[in-house]
1. For region 24-65, how many residues meet the condition of being within 22 Å of ARG120 (Cβ to Cβ) and either of a type in the set (Lys, Arg) or outside any loop (DSSP other than H, G, I, E, B) (or both)?
2. Looking at region 54-76, which of its residues are without any contact (Cβ under 8 Å) to a residue 24 or more places away in the chain and either under 12 Å from the mean Cα position of the chain (by Cα) or under 17 Å from CYS110 (Cβ atoms) (or both)?
3. Can you give me the number of residues within region 96-127 that are within 13 Å of GLY41 (Cα to Cα) and either more than 21 Å from the chain's Cα centre (by Cα) or exposed (fewer than 13 other Cβ atoms within 10 Å of the Cβ) (or both)?
4. Give me a count of the residues in region 77-95 that are in contact (Cβ under 8 Å) with a residue 24 or more places away in the chain and crowded, with 18+ Cβ neighbours inside 10 Å.
5. Being at pLDDT 90 or above and within 18 Å of TYR99 (Cα to Cα): is that true of SER42 here?
6. Any residue that is of a type in the set (D, E, K, R) and modelled with pLDDT of 95 or more - is there at least one of those in region 61-81?
7. Does region 92-127 hold any residues that are farther than 24 Å from PHE80 by Cβ and among the polar types (S, T, N, Q), and which are they?
8. Give the residues of region 1-34 that are surrounded by 20 or more Cβ atoms within 10 Å (Cβ to Cβ) and under 15 Å from SER79 (Cα atoms), sorted by residue number.
Amino acid sequence: MDDLSIALFAFLGGVSRYGLGLWLPTWHAFPVATLSVNLLGSFLLVFIGQYVAHQGWLSARLIAGISSGFLGAFTTFSSFSVDTMKLFQQHLFGTAGLYIGLSCIGGFFCAELAYQLAHRLLKREHA
């Protein structure tokens, strides 16, 4: 029943993203909420895959539900694309460039940070 687990977690991820979108303000047309969920999702996906999955705390079904379901629905490339398009349509080219840069480079940085943290924690536990 991995499909059911993924579907339930996807519901929770989508609702969480929506809630954060209501809670986090837009700052001078800058899509803070979408950037925040995508950066957080980049970190969590790698950390869960590299650290949590190796701990044996959670079943493979639960890991799949969280990774593919929750984080898949929580993060959003389509909203990133639409937000960028809207910034271009408003002729906010500098803001669009900043958003693209922060999203891409920031997402990589968050993923790398999660990877390094996970491996340091695993090393410490096995020392």
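1. 18
2. Passing the criteria: only SER67.
3. Residues meeting the conditions: 2.
4. Of the residues in that region, 4 qualify.
5. Values: at pLDDT 90 or above: yes; within 18 Å of TYR99 (Cα to Cα): yes.
Taking the combined requirement at face value, the residue satisfies it.
6. So the first thing to find is which residues in region 61-81 are of a type in the set (D, E, K, R), and the list is 61.
In the following step, the residues that additionally are modelled with pLDDT of 95 or more were identified as none.
Scanning region 61-81, I find no residue that is of a type in the set (D, E, K, R) and modelled with pLDDT of 95 or more, so the answer is no.
7. Listed by number, the list holds a single entry, GLN116.
8. Once the filter is applied, which keeps residues that are surrounded by 20 or more Cβ atoms within 10 Å (Cβ to Cβ) and under 15 Å from SER79 (Cα atoms), region 1-34 yields GLY13, ARG17, PRO31, ALA33, THR34.
The values are calculated or read from the model by the stated rules, or taken from the named source; none is laboratory data. Treat the numbers as computed from the prediction; the structure is a model and nothing was measured. With ideal geometry, Cβ positions are generated from the backbone for all residues, glycine too; neighbour counts draw on all protein chains shown.
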